[in-house]
Every structure is written in structure tokens, then in C-alpha cells.
1. Setting aside same-chain residues fewer than 8 positions from Lys75, which aspartates and glutamates have a Cα under 13 Å from its Cα?
2. I'd like to compare 381-391, 232-242: which one has the highest average count of other Cβ atoms within 10 Å, and what's the full order after that?
3. Sorted by mean Cβ packing within 10 Å, highest first, what order do the peptides 397-408, 357-368, 270-281, 215-226 take?
4. Under the rule of at least 5 residues apart or a separate chain, name every residue whose amide H is placed under 5 Å from the amide H of Lys158.
5. I need the helices of the chain that pass two filters: whole DSSP H segments spanning 18 Å or more by Cα along the axis, and mean Kyte-Doolittle score no lower than 0.5.
6. Report the FRET efficiency, 1/(1 + (r/R0)^6), for Val438 and Ser29, where r is their Cβ-Cβ distance and R0 is 35 Å, rounded to 0.05.
7. For the chain, take every pair of Cα atoms, bin their distances at 10 Å starting from 0, and report each bin as a whole percent.
8. Going down the table (Lys325/Lys348; Lys330/Lys381; Lys102/Lys325; Lys345/Lys427; Lys194/Lys355; Lys182/Lys325), which pairs top 30 Å between alpha carbons?
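Bear in mind that the values in this text are calculations on the coordinates, not laboratory data. What you see is a predicted model, and the numbers here were worked out from it, not measured in a lab. Here the Cβ positions follow ideal geometry from the backbone for every residue, glycine too, while neighbour counts run over all protein chains shown.
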Amino acid sequence: MNPKDLLGKTFKCECGKTHSVAIREIVYSESAVRDAPEILGRNIKGRNPLLIADSRTHAAGGKALAGALAAAGFKVETLIVPDGPGGHDPVCDDLTLAWIRKSMPECDFYIGAGAGVMSDLAKWLASETKKPYAAFATAASMNGYSSGNIAPTIKGVKRLIYGTVPAAILAVPSIINSAPYKLTTAGLGDVLAKPVSITDWRVSNLLFGEYFCPLCARMISDIEPAYLDHPRDILAKKAPAMEALFNALIYSGLSMTIAGTSSVSSGGEHMISHALDSTALERGTDHDYHGRQVGLGTIFACALYEHILALENPVFRLQAEETNKAFWRKISPVVDEEHGRKREKAAKAIEQLKKPKCWDKLRASAAKSVRTPSEIRNCLKAAGAACRIEDIGCDRKRFLEAALNCHQMRERYTVIDLARAVGIMPKAADEIIEQYLV
């Protein structure tokens, strides 16, 4: 199955649902900028786009794209999102969105020129205004180009809200390859999360009867070996490996779009990254790219599954603690709302786990998709990506605290909650960090 065959289609799936894919076209070609007027013209109505970029993504390709559209008769307006304090890259948050709302001119549609932040900002605006948009990718750094999910920071806390998908996605291989390599390693870290997120999704299906789609679960399985088994080709920026990585990110996002949930590509490994992001923002400190943090979270989560699957007859106990206000500080009230819902879910999980044969079924289901922590770490290391805590500019204490508290910030049940239910967490966290992440 080629996921591109699903673009613009409505189809009956093996999961029992009827899916519709609103993305009409994905173009990964050296001629994508030159062909942009024709591509956008056949997929989006209107001749007055607003191109949203930052100074770096505008220079990387946004300016050329705007020029090509203007030469073809489009009335292009460009909005450059300013850097944050201290020259930091722009962020996708409620304050930035408010600034854009005040600054933007009238338009027919949006173009997000950049990677995660610009893509999410354009998506957020499109969702609010009910206007179409296109994504112009400048880096293989994340899977959000083809997803309706938006991951903004609202009132200081990393959130997940659901928006719309682009009508078209354009990318130029030479621009993707010339992006700062840290962005490419972020993309690799993001896509390597799939074995954990899919396994967490299987567990939630078993414990809570939550929806699960086999098609979405295997969406990128056919191309996975091209990057997972050849990380040095990514380091060397060889065309087949880079295209495979970009496609994997696109198909990962597409799987979330089709399934209607981020569970396909976001599990316990993402929770650690979200905790690092949210606490860094609250403390006014720096953090690394999301996908690089996710890569370390994936190693940690795979190690948890390694411990979990080795248990034959665990004792299931509910660990019900108060929200850690000393860790979350000012954002504790927002986290506490989610944590309240998580406590209810954790209690329900214990009831299910105690049922006859449930544990055997869970182990068998999880074993279908999870990988070993060594596999993930070795891939990241060979690709020159972040594979140790120090690689993401983090100290051991901060990473450990994020791993121990991140389950409180989202209702979603993940491997971190399961490890707590069987008594592995919190006691194994320090050991796992010592073995795999330092």
C-alpha cells in the first residue's frame, strides 16, 4: 500500500471506519517552487496567499516561493514572525498567534513556510478562520506537515489541539538536505518514536477499548528499514535515505490524520519531551528541538517496555499521588486538571489488568511493535543524532524529574503509566538513565 494513493480519497478501512483524506497533493521535487503556482492553483481557490515564515525559513525557500507565485500573478503577502527574546527561534504559542492576528492582512489562504513552528502557526490560523492552507517544508524535522494536530504552548503548558490539514505539501530535496543537521536529527528522533507510540496505542485499545486502526499502525512500516537500518546514510545526506526519512515523517503525520488521533505517533516518549518543553518555558531556560528530546524519550520508553515484557506475574497497584507542584510550579493548576483525569484512567487500568489473561494478551500485543532501547540508541548514535542527555543540553536531574512527572500532564495512558502500575516506575528510572542515556 502506497499512502500517496490515499490522497484526496474517501475509503472504507479494515478498522471499520470510513476515512477521508483532505490532503490532495504531496510534491517532493527540485521543481516544487517552480511548479508551485500550478500545484496551488489546482488545489486551493484564490490568488491572494499570506506566506508565514521566520527570517531563516524565508531565506531558505520562502522568498523564492513567494517570487514564483508573484511571477505567476498571485498577490502574495509575506509575514515574517519575529524571533523571541535573546534571538531565540519563534515559538508556537498563544502570544505569537495573537501577534499574527493583529499583524496579518486579508488573504484567501495561508502558506506555512518552514518546519514545526511555521507549519503549526499556519495550521492554527487556517483552523480558526476556516481558510485553506499549504505547507512548504524546509526541513525533515517533524511529522506535523501532514497532520491536523497542533502542539502550541497555551498559558505556559504544552497542549494538543486539533485543526485542519494542508491542501498541499511542497518540498525541495536540496532545501531539505541543506537544513541545519540538528533539524534532520530531530526528524529522525520524531519518527523513531513510532514503535513506542503504536505499542502504547495497542495497550490503550486492550485496556480501555480505545479505537485502533491497523492500517495507520503499519503506515510507514514498508519504508522504515531505509532509515532505521541505514542511519549513516542520513548522516551522509544520501538522497534515498533522506527521501525515506521525509516520507516517513509525512506518512506518520498522515496516519494521525486518517486515524483522527495523535496516539498513532505520540506516546510516553513524547510526554517526556513535552515536560521538558513546558518546564523550560516556565523556568525561562532553553530546551532542544522536540524531536531530539523525543529520541531520548524513545530510548527510555523502550527500556521500560523491555522491563515490562519480562514480567510474567506482576502485582498491579495503583500509585495515586498528588500533582507535583514543586516540579510544575506556576503551571500546576493546568497540569492538575489533566492529572485528575489520569488518576481515573489509571484506576480503571488496574481493574482491567487484574482480569484473567489480560496480562498475557497485553504482552503478546506489545511485542508486535516495540523495539529494544539498544536498537533505537544505536540508530541515533550512528546518525550523529542526540542519544545522551548531555546531547540535548539537559542535566541528568532535570531529565529524571521529567520522566518521573510527565505522566501527570496528559490524560493519555502510556508506557510510563503502565510501568507505574506494575511497580517498575519510579524505581527503575535512574537505572535506565545510567544504562542508556549517559
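1. The qualifying aspartates and glutamates are Glu106, Asp108.
2. Answer by packing, highest mean first, reads 381-391, 232-242.
3. 270-281, 397-408, 215-226, 357-368
4. Those qualifying (amide H under 5 Å, at least 5 residues apart or on another chain) are Ser278.
5. TM-like helix candidates: 239-259, 290-309.
6. For R0 = 35 Å, the calculated efficiency reads 0.25.
7. 4, 23, 32, 26, 12, 3, 0
8. Lys330/Lys381; Lys102/Lys325; Lys182/Lys325
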